[in-house]
1. Name every residue in the range B:190-204 that is of a type outside the set (S, T, N, Q) and surrounded by fewer than 22 Cβ atoms within 10 Å (Cβ to Cβ), in order of residue number.
2. List the number of the failed condition for B:Ala239; all other conditions in (1) away from every other protein chain (no Cβ under 14 Å); (2) closer than 17 Å to B:Ala176 by Cα; (3) surrounded by fewer than 20 Cβ atoms within 10 Å (Cβ to Cβ) hold.
3. Being farther than 19 Å from B:Asn24 by Cα, touching a Leu at 6+ places or on another chain (Cβ under 8 Å) and within 14 Å of another protein chain (Cβ to nearest Cβ): is that true of A:Val7 here?
4. Take B:Val283 and tell me if it is modelled with pLDDT of 90 or more, touching a strand residue (DSSP E or B) at 6+ places or on another chain (Cβ under 8 Å) and either surrounded by 12 or more Cβ atoms within 10 Å (Cβ to Cβ) or not aliphatic (A, V, I, L, M) (or both).
5. Only residues that are assigned to a loop (DSSP other than H, G, I, E, B) and more than 14 Å from chain A (Cβ to nearest Cβ): list them for the range B:140-159, please.
6. Filter the range A:90-115 down to the residues that are part of a helix (DSSP H, G or I) and either loosely packed, with under 14 Cβ neighbours inside 10 Å or away from every other protein chain (no Cβ under 14 Å) (or both) and list them by number.
7. Against the definition (in contact with an Asp or Glu (Cβ under 9 Å, 6 or more places away or on another chain) and either surrounded by fewer than 17 Cβ atoms within 10 Å (Cβ to Cβ) or within 14 Å of chain B (Cβ to nearest Cβ) (or both)), how does A:Asp53 come out, yes or no?
8. Considering the range B:160-178 alone, what residues qualify as being away from chain A (no Cβ under 14 Å), buried (at least 20 other Cβ atoms within 10 Å of the Cβ) and over 19 Å from B:Leu246 (Cβ atoms)?
Amino acid sequence: MKKKILVIDDDPKIVEYLVALFEDNGYQTRSAGTAQEALDIAKKMLPDLITLDLEMPGEWGPRFYRKMSQDPELKNTPVIVISGLSGNEYAVGKAVASITKPFDKDELLKIVKDNIR
Amino acid sequence: MFKKIMFATSATPACDHAARVAFNMAKRYSAHIDVFHVLGVPTRGFSQVVLDVKTKEKVVLDDEYQAWVKEEVRTYYTNQLRDVSSAEIHVVIGVPHREILRHIRNAEPDLIVMGGSTGQDEESVYKQSMTGSTLQRVAKASPAPILVVSRPAASFWGEISNVVFGTDFSKSSDAAFKFALKVAKETDGELHLFHALDISALHMGRMLTQDEIESKIRDARQLMRGRYVPQMEGFKKFAVEVWEGLPYIEIVKYAREKQADLIVLAHHSQKRDEKDARLGSNVEQVILRASCPVISINR
């Protein structure tokens, strides 16, 4: 069974790129453009890994993470922060990795492979 | 929530983390931002010769020089200024804390953002101007809350929605509580009421038993519930917690555990007279170590 990745980003181009990258490498994906949408999808999908943008309309990534970590079924899901903001490694203290855009796809795939449940 | 933010800055990299928070908050809350910079400290009273804070050289002040420094500050923050709807740059000469407090009185900002220090620069003109830091002196007298950022980790990630309020049960803690509650209510956020039982102070030359520690924790929790919960007026999203240990370490750990995006503390301990109060040592340590911004409340 394919491992599931939830891609959270408000930029459709980034979403399209990440979804294609992950699906080309054998993962099943879903995507969300807002924190609320992401939380709804995550509860149904129970992803094996989440990629999380920080700056999004409405609630930002850290608030999503806080809500997610209050859900017993989601709280141990590994999260990779992918953001253009500098200092993004501090935004979600318990993220398994933080990557700054633009990023190297091989590096991202390695992090995914090393951390996916 | 915040409509007028004052960002007091040396316009050097030491204030970059604070700048990020100040401008991001102004953007998020559509607030006006006053960028306030003390360009030089007079070499003697009313002198036109000042010590430039950047070059550390004596310069003769005139309108042209002041306008040039203002432009320098504008250039330094070009990108951030582009993102906010309303901003003004103020460049003044004088003893930093006095000028900042003067501006606070005149402009009445509802939040002041400052960096934790002028960094490792021991030659800082600000430091030479007066014993004790500018932050200490502003925090002591400011009628408005002071938000201090000293680490890149203590950044502002889009919103404030998870507030940790640390109390030592002092009068100024009561004022800090009111502010923390207001923030939590206005942001529809969560409020974590926290007290750290200071084990080191309790020792008094002997080791406390675990029963004694747990009894004191229960007492503190009861005290917090009795003191603060009645003031909540229907606000439900709160938690009460007491941990034992070194207060500043426990506050930082608790805030990290709760993924707080703001810590609110009273600016000094209950043990000091207000007129002599410096920024409390616990507050200082929390500012230095916290992974989110810290607001110090004076009154």
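1. Within the range B:190-204, B:Glu190, B:Leu197, B:Asp198, B:Ile199, B:Ala201, B:Leu202, B:His203, B:Met204 qualify.
2. With (1) away from every other protein chain (no Cβ under 14 Å); (2) closer than 17 Å to B:Ala176 by Cα; (3) surrounded by fewer than 20 Cβ atoms within 10 Å (Cβ to Cβ) applied to B:Ala239, the lone miss is (1).
3. So A:Val7 fails the test.
4. Numbers: modelled with pLDDT of 90 or more: no; touching a strand residue (DSSP E or B) at 6+ places or on another chain (Cβ under 8 Å): yes; either surrounded by 12 or more Cβ atoms within 10 Å (Cβ to Cβ) or not aliphatic (A, V, I, L, M) (or both): yes.
Here the answer is no, as B:Val283 does not meet what is asked.
5. Once the filter is applied, which keeps residues that are assigned to a loop (DSSP other than H, G, I, E, B) and more than 14 Å from chain A (Cβ to nearest Cβ), the range B:140-159 yields B:Ser142, B:Pro143, B:Ala144, B:Pro145.
6. Correct list: A:Lys105, A:Asp106, A:Glu107, A:Leu108, A:Leu109, A:Lys110, A:Ile111, A:Val112, A:Lys113, A:Asp114, A:Asn115.
7. Values: in contact with an Asp or Glu (Cβ under 9 Å, 6 or more places away or on another chain): yes; either surrounded by fewer than 17 Cβ atoms within 10 Å (Cβ to Cβ) or within 14 Å of chain B (Cβ to nearest Cβ) (or both): yes.
It is true that A:Asp53 is in contact with an Asp or Glu (Cβ under 9 Å, 6 or more places away or on another chain) and either surrounded by fewer than 17 Cβ atoms within 10 Å (Cβ to Cβ) or within 14 Å of chain B (Cβ to nearest Cβ) (or both).
8. Across the range B:160-178, the qualifying residues are B:Ser172, B:Ala176, B:Phe177.
The values are calculated or read from the model by the stated rules, or taken from the named source; none is laboratory data. Since the structure is predicted, the reported quantities are computational estimates derived from the model, not experimental observations. Cβ sites come from the backbone with ideal geometry, for glycine too, and all protein chains shown count toward neighbours.
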